[in-house]
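Below is one structure, written out as structure tokens; the observations come after it.
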Amino acid sequence: MNQFSVLSNPSIAGSAPTYSDRGVESGRAKELLTSRQFHVCGDNVLNTLQYVDDTSGGVFLTGPNAAQRMNALRRLHPTIPMIVEPRSITHYIATPEQPFVLPPDNLFHTGDLAGALDDQRAMGSDLAITPTGQIASGDSASLKAALFAANALDREDTLLALPLAANWLSDEAATRQLVKAIDRSRHPVALTFIDPANPLGSLKRMRAYRRLIHETTGTVLAYRVDLFGFDALAGGAIASAIGAYPAARRLTPVGRGGSSADPEDKSPHMLIGDILRFTRSKHMRRHWFAEAPPIRCFCMVCRGDDIDRLYGDQADRIIGHQHNVLEIGRLFSVVGHLPPAQMRSAWAKLVAGARDAYPQLETHIGAPVRPTRDLDVWATPVT
């Protein structure tokens, strides 16, 4: 049975693969990241963790109460990997002298990077993430300082966080420098970009991001990303961590809020996997289904309800986040279990199927619907 009425992407059809039981490879970064789809969760984690697959999924917890939440959730979901994001990534700007936030009063009273990472592990995080500050565009000195300090640590439980201003992707020389830095990291790199809106919002940045992932020989986690996470997997990333809502799919600059085309519209962005697109419920009601019956979704959350039924209250937003976690997992089931060459082929077929599904939607509503620009980018070779 198709996931949605009206739409059919044949590359997603059929039963999902069955994953063998696996434990949580706590403390072993590469093993833990391999063949898992991660979700970036804030407050919504309390209501969405039940929809994360415990053999092929995991979560990064964000926000001021992430560690406390994890301790409570661990008892309920002991087989799901949980990793706490350090607050530095959202609240601190890196400098060459201090690329990390290293509180002197940490649990082990060492005041150094190793102690900060040990703190995270002692609090229960399955991996430790370097508490890197946001690295401004062109700040090569801070980038090198973070890389040098992390490389001095001989441990296998660590991710080097590189939260970078999106303009690193706007300059070819800067992008090449990032490739070299990632290549030199002894730890997997949690790579994410910073922008008030969409860090990959221009064709130039989209293409640069793809080249970076394709060219590096380092181990990359595409972190706080949208569906580019799947393109990153096809390009060689070890894993991706996708947010169920926009604020979890990007970083905003320290001291600034994110921007939105319609700040008053709080209706959830619903992922429609068959066309590889997040679209707000309100937009669908107003522009797609104003004069046509809404398409229906048959996921475990929607159970045949209209895809555009949700509004902006908290209860509806939670339902939207739950739907998105399931849809991200469904897409991962198509590509995530495959070896590299087959994964690239499966992703290409999924993208082609999404492009072919747009005419189905247009026929149903009797109006043109323009595919997203990223879908066009994914359909072209990396250049």
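Once the 1.4 Å probe is applied to the protein heavy atoms, the chain comes out at 42 Å² accessible per residue.
How would segment 239-341 be classified by its alpha-carbon gyration tensor: rounded, prolate or oblate, with rounded meaning a/c under 1.5 and the a/b versus b/c comparison settling the rest?
oblate
In sequence order, segment 294-309 has phi-based couplings of x, 6, 10, 10, 10, 6, 5, 8, 6, 6, x, 6, 5, 5, 9, 7 Hz under the Karplus curve 6.51 cos²θ - 1.76 cosθ + 1.60, θ = phi - 60°, and Gly or Pro positions carry x.
In straight Cα distance, which lysines are under 19 Å from K144, not counting same-chain residues fewer than 8 positions off? Candidates past the 8-residue exclusion: K180. Remark on L159: its backbone amide H falls under 5 Å from those of A128, I129, T130, a criterion applied only to residues 5 or more positions apart or on other chains, H modelled at 1.01 Å from N. The phi-based Karplus calculation (6.51 cos²θ - 1.76 cosθ + 1.60; θ = phi - 60°) puts the 3J(HN,Hα) values of segment 219-226 at 9, 10, 9, 6, 10, 6, 10, 9 Hz, whole numbers, x for Gly and Pro. Our coupling estimate for segment 272-277, obtained by passing each phi through the Karplus curve with A = 6.51, B = -1.76, C = 1.60 and θ = phi - 60°, is 10, x, 5, 10, 6, 8 Hz, Gly and Pro reported as x. Could you tell me which of rounded, prolate or oblate describes segment 292-383, using a ≥ b ≥ c as the square roots of the eigenvalues of the alpha-carbon gyration tensor, with rounded for a/c under 1.5 and, failing that, prolate when a/b is larger than b/c and oblate otherwise? Cα axes put segment 292-383 in the oblate bin.
Leaving out ligands, DNA and RNA, what percent of the accessible area of the chain is carbon and sulfur, probe 1.4 Å? All intermediate terms of the calculation are to be shown ahead of the outcome.
Working: 8300 of 16110 Å².
Its accessible area is 51 percent carbon and sulfur atoms.
Give, rounded to the nearest 20 debye, the magnitude of the charge dipole that segment 234-383 has about its Cα centre when Lys and Arg contribute +1 at Cβ and Asp and Glu contribute -1 at Cβ. Computed charge dipole of segment 234-383: roughly 320 debye.
Projecting the Cα atoms of S281, I365, S125 onto the charge dipole of the chain (Cβ charges, centred on the Cα centre) puts I365 farthest toward the positive pole.
Only the Cβ atoms of Lys and Arg (+1) and of Asp and Glu (-1) were treated as charged; on that basis the dipole of the chain about its Cα centre amounts to roughly 520 debye.
Which of the trypsin sites (Lys or Arg not before Pro) found in segment 195-258 are in a DSSP loop and have at most 11 neighbouring Cβ atoms, other than their own, within 10 Å? Here the trypsin sites (Lys or Arg not before Pro) that fit, given the DSSP loop and packing criteria, are R256. Residues whose amide H lies under 5 Å from that of T219, counting only those 5 or more places away or on a different chain, are V189; hydrogens are built 1.01 Å from N in the peptide plane. Of [x] 17.6; [y] 36.0; [z] 20.1, which is the value of mean projected area of the Cα convex hull in nm² derived from the coordinates here? The calculated read-out lines up with [x]. For R224, nonlocal amide neighbours, meaning residues 5 or more places apart or on other chains whose placed amide H falls under 5 Å from its own, are A241.
The values are calculated or read from the model by the stated rules, or taken from the named source; none is laboratory data. Computed from a prediction, not measured in an experiment: that's the story for all the values here. Please note: Cβ atoms are built from the backbone with ideal geometry, for glycine as well, and neighbour counts cover all protein chains shown. Ligands, DNA and RNA are stripped out before the accessible areas are found, and what is left, the full protein with its side chains, is counted by its heavy atoms. Shrake-Rupley method; radii C 1.70, N 1.55, O 1.52, S 1.80 Å.
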